[in-house]
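A.B. asks: Right, I'll just put the structure down here and ask away after.
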Amino acid sequence: MGIFAVRSIPVAGWSSWDPFNFRPNPKTVFLLALGLFLFGAGEAMLIAAGVGVSPWTVLAQGVGSTVGIGIGVATFAVSVLVLLLWVPLRQRIGIGTLLNAVIISATIEYLLPFLPSFDSFGVSLFQACLGTVVVGLGSGIYLVANLGPGPRDGLTTGLQRVTSAPVAPLRVVIELTVVLAGWSLGGTVGIGTVVFALGIGPAVSTGLYLTARCSGVSMNTSRGL
């Protein structure tokens, strides 16, 4: 299967057999943490580029500037608020859900001060593109680990189950709502936001493909997206 034609999530030997498994293999937890670290590092690269960030980071920026807290702490706060929305949706929380909220926000908070910002728009745009790729690679590892959805993914699946709406337009509505809310609070919307929106799909597909290849498994050994 082509690298950009991935339609399912590979199942590796280290993947959890159940997304709500609370006694996973240590290797699974380690690789999950690695994937989430890469996800946070990619988000931090987008922020440092200064040309616009991913939709949920726009919201975190807006919340952070309004409340007066760091972007990492704001990212964690947004994740907690989203998890609260899971309660009426009766979504189940897995280890990956909790680590998603903690590791990504901590990575952004502590890595961002060490990342460079450039005066050149071209270099900044390249940094935003690279950040999107890194987020996609991290997403691939995190998804293959199969230890529970992240807060935002769980919100999408929970709303889909309750409303029976198609996933694609539902996710678009959620992302647009988040961007508008973050922008109204002072978040940064720019070309980097467009780059992320258009590039994250192929980047995640690449992440899944490379994770499968590095794990020595076939893309035919998979579970549905």
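A.B. asks: Condition first: at pLDDT 95 or above, within 19 Å of Leu159 (Cα to Cα) and of a type in the set (Val, Ile, Thr). Now tell me which residues in the range 76-109 satisfy that.
C.D. replies: Result: Val78, Val80, Val82, Thr97.
A.B. asks: OK, next. Kindly establish whether Val73 is at pLDDT 95 or above and in contact with a Pro (Cβ under 7 Å, 6 or more places away or on another chain).
C.D. replies: Criteria not met by Val73.
A.B. asks: Within the set of pairs 6 or more residues apart or between chains, which connect a residue that is farther than 9 Å from Ala12 by Cα inside the range 203-225 to a residue that is outside any helix (DSSP H, G or I) and at pLDDT 90 or above with Cβ atoms less than 8 Å apart?
C.D. replies: If the second residue must be outside any helix (DSSP H, G or I) and at pLDDT 90 or above, the pairs left are Arg223/Val11; Arg223/Asn146.
A.B. asks: Going through the range 94-117 one residue at a time, which ones are without any contact (Cβ under 8 Å) to a residue 60 or more places away in the chain, more than 11 Å from Ala44 (Cβ to Cβ) and over 14 Å from the mean Cα position of the chain (by Cα)?
C.D. replies: If the condition is that a residue be without any contact (Cβ under 8 Å) to a residue 60 or more places away in the chain, more than 11 Å from Ala44 (Cβ to Cβ) and over 14 Å from the mean Cα position of the chain (by Cα), then no residue fits.
A.B. asks: While we're looking at this one, here's another question. Kindly indicate which of Asn21, Asn100 is within 22 Å of Thr211 (Cα to Cα), in contact with an Asp or Glu (Cβ under 9 Å, 6 or more places away or on another chain) and of a type in the set (S, T, N, Q).
C.D. replies: Asn100
A.B. asks: Select from the range 55-78 the residues that are touching a residue at least 40 places away in the same chain (Cβ under 8 Å), among the hydroxyl-bearing types (Ser, Thr, Tyr) and over 21 Å from Val172 (Cβ atoms) and list them in ascending order.
C.D. replies: Residues satisfying the conditions are Ser65, Thr66.
A.B. asks: Does the range 161-178 hold any residues that are within 20 Å of Gly190 (Cβ to Cβ) and modelled with pLDDT under 85, and which are they?
C.D. replies: The answer is Val172, and nothing else.
The values are calculated or read from the model by the stated rules, or taken from the named source; none is laboratory data. As the structure is a prediction and not an experimental result, all values here were calculated from the model. We place every Cβ from the backbone using ideal geometry, glycine too, and count neighbours over all the protein chains shown.
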